1. On a 1.4 Å probe surface of the protein chains, which of Thr147, Thr120, Thr153, Thr200 comes out largest in accessible area, and what is the full order?
2. Computing the accessible area with a 1.4 Å probe over protein heavy atoms, can you report the carbon and sulfur percentage for segment 19-82?
3. Note the full-extension length gain between Ala165 and Arg191 as 0.36 nm times their separation in residues minus their Cα-Cα distance, in nm to one decimal.
4. For segment 19-82, with every protein chain kept in place, what is the accessible area per residue (1.4 Å probe, Å²)?
5. When Lys and Arg each count +1 and Asp and Glu each count -1, what net charge do the other residues less than 13 Å away from Leu228, Cβ to Cβ, add up to?
6. Accessible surface of Val143 in the full protein assembly, 1.4 angstrom probe, to the nearest 10 Å²?
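The values are calculated or read from the model by the stated rules, or taken from the named source; none is laboratory data. Everything numeric here is computed off the predicted structure, so don't read it as measured data. Here the Cβ positions follow ideal geometry from the backbone for every residue, glycine too, while neighbour counts run over all protein chains shown. These accessible areas exclude ligands, DNA and RNA; they are computed on the full protein's heavy atoms, side chains included. Shrake-Rupley method; radii C 1.70, N 1.55, O 1.52, S 1.80 Å.
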Amino acid sequence: MASSASTVASLDRSSAHPLHAQVAQALRREIGGRRLAPGTALPSEAALCRQFGVARSVVRQALAALVAEGAIRREPGRAPTVAPPLEHHRMVQRSTGLFEQFASIGTALRTRVLRCEPATAPPDVAAFFGTADALLLERLRSVDDETLAFVRTWLPRARLPGLAAEHLHDASLHRTLAQRFGLHPGRGRNRIRAVGADATLARALGVPSGSPLLMLEGQGFDQDGRPLEWFTTWHRAEKLVFDVDVSPAGEQIQPALPDAPAGAPAGFQPDASLEAVEQALCAALDQVRRLRGKA
């Protein structure tokens with residue numbers, strides 16, 4: 001941890017924020033910066049009192065806040081320890097976006113728009129939309145100031161007149177498309193791959209270059225079966241888990257698409273079950289393990 005002098009100096013006793021909140025925030029920075037690794041025991045209450053120059057009641061309030069939010073664990077008779085990183089979950093076979101899935105469980109997903117501009121779509125995207133005239137959208141998603149995912153989305157520009165970055169700050173893309181343009185996400189197809197972070201992704205996500213990422217890519221259609229989005233999302237593998245609903249053997253599964261809609265890329269085939277998704281997920285997780293082993 002930081003030295004006592006520097007940490008004490010970081011507490012602003014003239015601030016409107018109470019001292020216990022400032023102490024908790026300082027400890028969060030130590031935990032978030034991995035200076036306090038998961039499983040590490042925190043200093044004693046007496047040591048924290050000396051370090052921060054505060055009363056024991058202040059330290060106890062700060063620790064209670066960290067316990068309540070899951071940052072540390074506290075057991076009777078033992079020093080509090082740093083909790084393992086919180087894992088977030090995403091249902092990968094749902095058309096519902098990450099923002100809506102997180103909102104449904106009360107988790108606030110922050111969104112920073114990095115790019116929202118007209119662009120010429122690459123050939124495969126242009127073939128999907130039937131035009132190269134596209135809107136390129138790049139966003140960074142985070143929870144509690146910790147980045148989770150980098151998203152690159154291509155949209156058919158002619159269908160979305162006036163869509164701008166300010167419409168999507170800390171907002172759901174799907175909800176914005178529904179409210180502003182009457183476009184609702186319909187069926188689509190997602191694929192899962194495990195990849196290593198290149199320099200651009202590593203910098204955006206705040207991870208070392210080559211770190212394992214879970215990549216979800218796919219194409220989505222609107223309620224009328226018209227091409228609506230082509231997206232790729234890179235998730236931090238240690239922060240986000242992909243969930244897949246499964247059914248008993250022999251139970252009929254609703255196909256992902258009854259037929260390949262107009263505008264689907266060559267080779268686009270509807271899934272008759274979740275078997276392909278499950279196989280892809282297993283392969284992706286195996287690749288993540290291999291990448292971690294090489295790190």
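1. Greatest to least solvent exposure: Thr120, Thr200, Thr147, Thr153.
2. 52
3. Residue separation times 0.36 nm, minus the Cα-Cα distance, leaves 6.7 nm.
4. Per-residue value: 52 Å².
5. Charge balance in the 13 Å sphere: +2.
6. Val143 exposes around 10 Å² with every protein chain in place.
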